[in-house]
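Any read-out appearing in this document is the output of simple, stated calculations on the displayed coordinates, not a laboratory observation. Given the structure is predicted, the values throughout are model-derived calculations rather than measurements. We place every Cβ from the backbone using ideal geometry, glycine too, and count neighbours over all the protein chains shown.
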Amino acid sequence: MTIISRNKKLIISIITTSVLSLTSHKGFAQIFNSEQNPLSVKWRQINASGFRIIYPDELEKEAQRMTNTLKHIYPYVGASIGRKNTSIPILLQNRGVIANGFVQLGPKKSEFYTTPPQQFDSQDWLNNLAVHELRHVAQFDKLTGGLAHPFPEQVYLAWFGVSIPLWFFEGDAVSTETSLTNAGRGRIPSWIMPYRTQLLEGKKFSYSKVNFDSEKDLTPGYYQLGYVMASNLRKQSGKNIFDSVLTDIKRRPLRAYPFSGSLKKFNGKGSKEWFDNTTENLRKEWELQAQKSTTEAYPSLNKKADLATSWFLPVKINGQQILTLKQSKAEPAHFSMIGPDRKEKKLLSIGYQEQPWFSYANGLIVWDEVRYDPRYRQRSYSVICSYDLQSGRTKKLSSRSRLFSPTLSADGKKIIAVRFDLSNQCNLVEMDAGTGTILHTYPNPENLILQTPAYRQDGAEIAFVSVSEKGKALRTIDRSGKTEVLIAESQQQLSRPVYLPQGIAFNAHYNGIDNIYYIQPLSKKISALSAAKYGAFNVSLSPDQQSIVFNNYGLQGYEVAESLLKPHAPGENNFVFLGAAAAAQENSGNVFAAVPDSSFASRPYHALGNLFNVHSIIPVIEDEYRGGLQINSDNLLNTMNVFTGVNYFRDLNRFEYNAGLTYKGFYPVLSAVYRNRPRRTFYNSNSGVQQGDWRENNVQVKASLPISLNSLNDTYNFSLNTSTSYTQRYLPENMPKDYITTLKFPMEYSFTFTHTTRQAERDIAPKWAQILRVTYLHQPFDQQLAGDLFAAESFLYFPGIARNHSFLANFSYQRTSGIRRYDREINTVYGYSNIPAISKLRNTLLLNYRFPIVFPDAEIGPLAYIRNLRGGLFCHYENLGDETNLAEPKTFGFELRSSMNLLRYKPLVDVGGRVVFVNKMYNQNPILELILNYSF
């Protein structure tokens, strides 16, 4: 029996990635960003009231504003959990185009990604980030006493990961952002819409399914779960409930399920019981809202989906076909054409977008997608692409740009888009749809955040949404720069205006549900065009101008619907504001209403002068025989990592001392590791097998050049690596007299090329990918240890016979000589370590077929949430043409695996078993391998 594990080294710090603070209009999850900016960025800093604001020099104005804002609002943000002051570095990141923010420990810092998204709530973007992320700072300070620095940071963060559910961290922060401002995601019907839809459709998802997601259904997610749980707890238990709970957790940290236990201590119910209570209360409130609301059912024009699927932004391009941007749990994003019989034709797969977006006119599609810098992935771009439906030709219209929400004129010759520069100045720009040339830039003297512009039919006027701290407004502008406000700033979730005959359609939630509305510019009269039960979005006018096509939200996602163009009264606002009790308890009004406007002294922040930042000492477990302690240092710009530590070798009864560093600021990544370690070997002598021990000083250095390019749904990676080492052995014990005491600079070179296409959530492995890797090892400076190794590996992924199946053909070859004669660099057959070798390893051909079996979403009490069951078949050859042939593989068999969340913790665990049958010539019984992997 063999235990297979992908992770050979367990450091407690990896648990910290399960504790994540991040805000965006989507609320998606990712680990802390450890990427770098290019060296050309010039950094500055401001120190005030415990905050250390570090920012690129283009953001001087925003940095001054944020310094005033942070010091003013923190006492309000931390009040309900007893925090009035803090100390934390905050980095303003302006090189990327993906809106984001997070707080972390190890090192303690927060990062604000300053480029606003094209859809978020009705307030200033950086204010939105500030109130949310500062609540996370207050949470962390409450649990650590504000004294995490310098040594226990990663230990604290690991403790958070196993003690407190993610839904609390994010739900409490969303509740706070909603309670302390006039905006916040808790006031947006579309944000909580998946939860409302699920309950009103009679679906009883388990606590784990709502929290941990599903690979077949749309689920609310832990942000929304956390918000409704936090709101219900504040409503029933008062303002100080989380102060009491966190204080109790801090006092009694070493317990199973401490958050649930402390919650039950103060309220009589644990987490699961509060989930049941909250669910029942939500169902009653939303059922009452549904009874009060006048709604209409809209038949779907798309085929019925058997799993979560959305057809975004439908456009009727003739009387019979509908163009959409489709994505689902089983398929990545692509343009799809729906015919009159609901049959679909896939047109083109595209790359990552921060939000689904495209525009169609006169046979042309344009859209924006994210492209990354090849090396410094803190820098990304939003480029505009086009696709000609007739010719099938794709064109990139902009490079290294920061352009969003491109929309075509009716004749398809011009594009209007939103542009942000590095100082966060926002403008509308007009482009030539054929060449991408900028034709005109529209003024924006107030520097409002601009969103989702659209042309009038004659191209002479543009409608757009503006955002400021006052709220969202609907405006128009002509080429002379004359602007008119059609809808003044308010907390309505205005989005995506579209010109219709005699007016402009747009999204809002006047009746408490996101629907499509219509305004007549002259009279300013607002009417409703839809009355969806859960939400209607993304309107477009049919070619005959008699009806509208739009997205109608349903249980499995955004469906395609059509309705006659008949304006009607908007109806009464029946929105259920779940955060009302928390807002009343805070009683602060809008915390941004009276932010001071002081000026602060700023000074340069020298990246090379701030390379060292010791933050944690952590336990390290290498394996069952080796463990110790390690001190970690990471600088705030993610360019330098340093560690030093000591490990105890239980089997040798000796200690190892080590230190290392990695510098990632240059184009190549440079690293060096020093080890002073004990070693042991066994050798043959005239007296039989002898045991020999020694110590050695070992220095390893490595240079890596990682390059990554992406275009549409393709990603290309190139990696060039070279490394060497020097070893000096000493203090020999029972070693032969002629043992080698010095190993001089063995050289290793490797080159890897990878091409992959975007994967869907259900994909077991890539459907289409190629990986080529070449490795060469030799010892040019040490002739007494002559020998070399050359290895070449290829991994070719192909689609399987059914959806989300994958077939892998992995052929590898190696040639070895001298002291490397028996080294192994290539992948081996399953069961390799349990099968006696007949000859030296030269090549392998590994054929693997993997497929999903079922997606049960099964909650087994608090023990496990089982997400899927997967199968695999394999047929492996070794030394093909010599030991084995295509008719007689060395090993073959099958495996069963399952991904699950254990003990209601976020990390995903992959468990399974593999049965390996062996060719009869090896005289080997079948082998059972147990599989255990985990990811964060």
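Taken about its Cα centre, the stretch 312-564 carries a charge dipole of roughly 500 debye when the Cβ of each Lys and Arg holds +1 and the Cβ of each Asp and Glu holds -1. Projecting the Cα atoms of Thr741, Ile826, Phe312 onto the dipole axis of the chain, where Lys and Arg carry +1 and Asp and Glu carry -1 at the beta carbon, places Thr741 farthest toward the positive end. Pairs Lys42/Lys396; Lys303/Lys533; Lys109/Lys702; Lys413/Lys525: which exceed 24 Å Cα-Cα? Too far apart for the 24 Å limit: Lys42/Lys396; Lys109/Lys702; Lys413/Lys525. Each of Tyr360, Ile487, Ile516 was placed along the dipole of the stretch 312-564 (beta-carbon charges, centred on the mean Cα), and the one lying farthest toward the positive end is Tyr360.
Counting pairs of alpha carbon atoms under 8 Å apart in space and at least six apart in sequence, what relative contact order in percent does the chain give? Here the relative contact order equals 11 percent.
Computed from the Cβ-Cβ distance with R0 of 25 Å, the FRET efficiency linking Asn318 to Ala297 stands at 0.45. Rounded to the nearest 20 debye, the dipole size of the stretch 618-709 about its Cα centre is 180 debye, using +1 on the Cβ of Lys and Arg and -1 on the Cβ of Asp and Glu. How big is the gap, in Å, between the Cα center of the stretch 506-522 and the Cα center of the stretch 753-780? About 48 Å separates the Cα centre of the stretch 506-522 from the one of the stretch 753-780. Potential lengthening of the chain between Asp651 and Ala569 amounts to 21.6 nm, from the contour at 0.36 nm per residue minus the alpha-carbon distance. Restricting the stretch 667-751 to chymotrypsin sites (Phe, Trp or Tyr not before Pro) that sit in a DSSP loop and have at most 16 other Cβ atoms within 10 Å of their own Cβ leaves Tyr739. Taking 7 Å steps out from each Cα toward its Cβ at Met921 and Arg393 produces label points 5.7 nm apart. Measuring r between the beta carbons of Leu731 and Gln585 and using R0 = 60 Å, the FRET efficiency lands at 0.35. Fully extending the segment from Leu903 to Ser490 would add 144.3 nm, taking 0.36 nm per residue of separation and subtracting the current Cα-Cα distance. Report the relative contact order of the stretch 506-628, percent, no decimals, based on alpha-carbon pairs under 8 angstrom and at least 6 residues apart. That works out to 18 percent. Once the Cβ-Cβ distance of Ala594 and Glu446 is raised to the sixth power relative to R0 = 30 Å, the FRET efficiency obtained is 0.90.
Take every Cα pair under 8 Å whose residues are at least 6 apart in sequence, average their separation, divide by the length of the stretch 618-709, and the relative contact order is 19 percent.
Computed from point charges on the beta carbon alone (+1 for Lys and Arg, -1 for Asp and Glu), the dipole magnitude for the chain about its Cα centre is near 940 Debye.
When you filter the trypsin sites (Lys or Arg not before Pro) in the stretch 799-831 for DSSP loop state and at most 12 other Cβ atoms inside 10 Å of their Cβ, you are left with Arg821.
Net length available on complete extension from Tyr813 to Ser719 is 31.9 nm, with 0.36 nm assigned per residue and the Cα-Cα distance removed. Please work out which option in (1) 50, 46, 22; (2) 50, 34, 29; (3) 41, 37, 32 gives semi-axes √(5λ) of the Cα gyration tensor in Å calculated from these coordinates, and answer with its label. Here the calculated entry is (2).
Residues within the reach of a label modelled at Leu796 (point 7 angstrom out along Cα to beta-carbon, backbone nitrogen below 17 Å), restricted to the stretch 885-905, are 886. Straight-line reach from Lys203: taking Cα to Cα under 17 Å and skipping same-chain neighbours fewer than 8 places apart, the aspartates and glutamates in range are Asp213, Glu215, Asp217, Asp276, Glu280, Glu285, Glu287, Asp306, Asp857, Glu859. Between the residues Ser262, Cys875, Asn37, the greatest Cα displacement towards the positive end of the dipole of the chain, with unit charges on the Cβ of Lys, Arg, Asp and Glu, is found for Ser262. Going Cα to Cα from Lys108, which aspartates and glutamates come in below 19 Å? Please leave out same-chain ones fewer than 8 positions away. The qualifying aspartates and glutamates are Glu35, Glu133, Asp141, Glu153, Glu170, Asp634. Distance from the C-alpha centroid of the stretch 413-481 to that of the stretch 334-362: 25 Å, rounded to the whole angstrom. Pairs exceeding 28 Å between alpha-carbon atoms, taken from Lys209/Lys265; Lys71/Lys906; Lys840/Lys920; Lys329/Lys414: Lys71/Lys906; Lys329/Lys414. Placing a label point 7 Å from the Cα of Asp276 along the Cα-to-Cβ direction, the residues of the stretch 195-213 whose backbone N falls under 20 Å from that point are 199-200, 202-212. All other residues whose Cβ lies under 14 angstrom from that of Gly270 are scored, Lys and Arg at +1 and Asp and Glu at -1, for a net of +3.
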